[in-house]
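Notes follow the structure.
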Amino acid sequence: MATAPVFVYEGLAEHGGGALTLDGPEGRHAVSVRRLRVGEAVVLTDGQGTGASGTVAEVAGRDALTVELDGIWRDEPPRPALTVVQALAKGDRGELAVAAMTETGVDAIVPWSASRCVTQWQGERGAKSLAKWRSTAREAGKQARRVRFPRVPEPMTTREVAAGLVAGAAFAAVLHESATEPLAAVPLPEDGGVVLIVGPEGGVAPEELAAFTAAGARVCRLGPTVLRTSTAGTAAAALVLGRTGRWS
């Protein structure tokens, strides 16, 4: 049996139950692309932890359907929370990284304007790039059947990452190919926040590494091979999620 498709319904947490109408872009996708019919199962979410299962009760035109809800539930935030600070990548590698990390289970993906990034987000181009990351996280969250999508905040500078994320984390690590301490062996917390920092294609600059370690981050390696910036975060996240029991 195929898994029921997931659609986003804003305001689901405030809905009292019964039937609701899914319209707009999500309704159009459900009717015209997925071609859902009366009697088929669906899952709805607000992307912030509230989910609902239901059955299509009526299809109206090409862009709306009525869903009779079976129940609404709330997923509590997982612990420890996992944030990946992802350096801006050229081409579509940033979106590839966001999609894979969303599917893996990362809770927040923070765009980082590292000094050695080939791409820098500025002005209208930066706003469009951020919108792409957020849209990618949303669509990948639906594909992965998540009801809590990862947060993708505004891009951060090195100083903001160090002071705002690393300093307040229960555990933070910078992934670096020259490190001797393996991420697979460091002690990890059961609660609080875990922050992983992934550098750009050109690597983490010495001054950035110094800022992160001064704020409390450890410098760790993943393994004997060097991963691309678009894959390192996913590999590290999978390792952490497995070791902390979130994948158990």
State whether one or more residues within segment 44-57 are farther than 19 Å from ARG146 by Cβ, out of contact with any helix residue (DSSP H, G or I) (no Cβ under 9 Å at 6 or more places or on another chain) and either modelled with pLDDT under 95 or of a type in the set (A, V, I, L, M, F, W, C) (or both). yes
Any chance GLU181 is surrounded by fewer than 17 Cβ atoms within 10 Å (Cβ to Cβ), within 27 Å of GLN120 (Cβ to Cβ) and touching a residue at least 12 places away in the same chain (Cβ under 8 Å): no
Kindly list, by first and then second residue, each pair from a residue in segment 208-222 that is at pLDDT below 95 to a residue that is assigned to a helix (DSSP H, G or I), limited to pairs with Cβ atoms under 7 Å and residues at least 6 apart or on different chains. LEU222/ALA232; LEU222/ALA235; LEU222/ALA236
If a residue has to be surrounded by fewer than 14 Cβ atoms within 10 Å (Cβ to Cβ) and acidic (Asp, Glu) to count, how many in segment 89-116 make the cut? 1
If you go through segment 47-88 one residue at a time, how many are free of Cβ contacts under 8 Å to residues at least 40 places away in the same chain and surrounded by 19 or more Cβ atoms within 10 Å (Cβ to Cβ)? 2
Name every residue in segment 6-29 that is assigned to a loop (DSSP other than H, G, I, E, B) and either β-branched (Val, Ile, Thr) or touching a residue at least 40 places away in the same chain (Cβ under 8 Å) (or both), in order of residue number. TYR9, HIS15, GLY17, GLY18, ASP23
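So which residues in segment 217-234 are more than 17 Å from THR180 (Cα to Cα) and in contact with a helix residue (DSSP H, G or I) (Cβ under 6 Å, 6 or more places away or on another chain), if there are any at all? Steps first, answer last, please.
So the first thing to find is which residues in segment 217-234 are more than 17 Å from THR180 (Cα to Cα), and the list is 228-231, 233-234.
The answer is SER230, GLY233, THR234.
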PRO187 fails exactly one of the following numbered conditions: (1) surrounded by fewer than 21 Cβ atoms within 10 Å (Cβ to Cβ); (2) touching a helix residue (DSSP H, G or I) at 6+ places or on another chain (Cβ under 8 Å). What is the number of that condition? (2)
Could you name every one of the strands (runs of 3 or more DSSP E) located completely within segment 30-74 that has at least 1 residues being of a type in the set (Asp, Glu)? 50-60, 64-74
Write out, first by first residue and then by second, each pair whose Cβ atoms fall under 8 Å of each other, whose residues are 6+ apart or on separate chains, and whose first residue, in segment 224-242, is touching a residue at least 60 places away in the same chain (Cβ under 8 Å) while the second is open to solvent by 30 Å² or more (accessible area, probe 1.4 Å) and part of a loop (DSSP other than H, G, I, E, B). ARG228/GLU201; THR229/GLU201; ALA236/LEU222; ALA238/TRP247; VAL240/LEU188; LEU241/TRP247
Test of understanding: among ALA131, ALA108, ALA140, ALA97, which residue is under 14 Å from PRO200 (Cα atoms) and modelled with pLDDT of 95 or more? ALA97
For ARG125, all conditions in the list (1) under 30 Å from HIS29 (Cβ atoms); (2) open to solvent by less than 70 Å² (accessible area, probe 1.4 Å) hold save one; what is the number of the exception? (2)
Assuming GLU160 fulfils every condition listed in (1) part of a helix (DSSP H, G or I); (2) open to solvent by 20 Å² or more (accessible area, probe 1.4 Å); (3) closer than 24 Å to ALA238 by Cα apart from one, which condition is it? (3)
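So, in segment 91-148, how many residues would count as being assigned to a loop (DSSP other than H, G, I, E, B) and not β-branched (Val, Ile, Thr)? Steps first, answer last, please.
So in segment 91-148, the residues assigned to a loop (DSSP other than H, G, I, E, B) come out as 91-92, 105-107, 113-122, 144-147.
Those still in the list that are not β-branched (Val, Ile, Thr) too: 91-92, 105, 107, 113-117, 120-122, 144-146.
The total comes to 15.
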Just one of GLY202, GLY168 is part of a loop (DSSP other than H, G, I, E, B), open to solvent by 30 Å² or more (accessible area, probe 1.4 Å), in contact with a Ser or Thr (Cβ under 9 Å, 6 or more places away or on another chain) and over 30 Å from VAL43 (Cα atoms); which is it? GLY202
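The values are calculated or read from the model by the stated rules, or taken from the named source; none is laboratory data. Everything numeric here is computed off the predicted structure, so don't read it as measured data. In this analysis, Cβ positions are derived from the backbone assuming ideal geometry, glycine residues included, and neighbour counts consider all displayed protein chains. Keep in mind that these areas ignore ligands, DNA and RNA; they rest on the heavy atoms of the full protein, side chains included. Shrake-Rupley method; radii C 1.70, N 1.55, O 1.52, S 1.80 Å.
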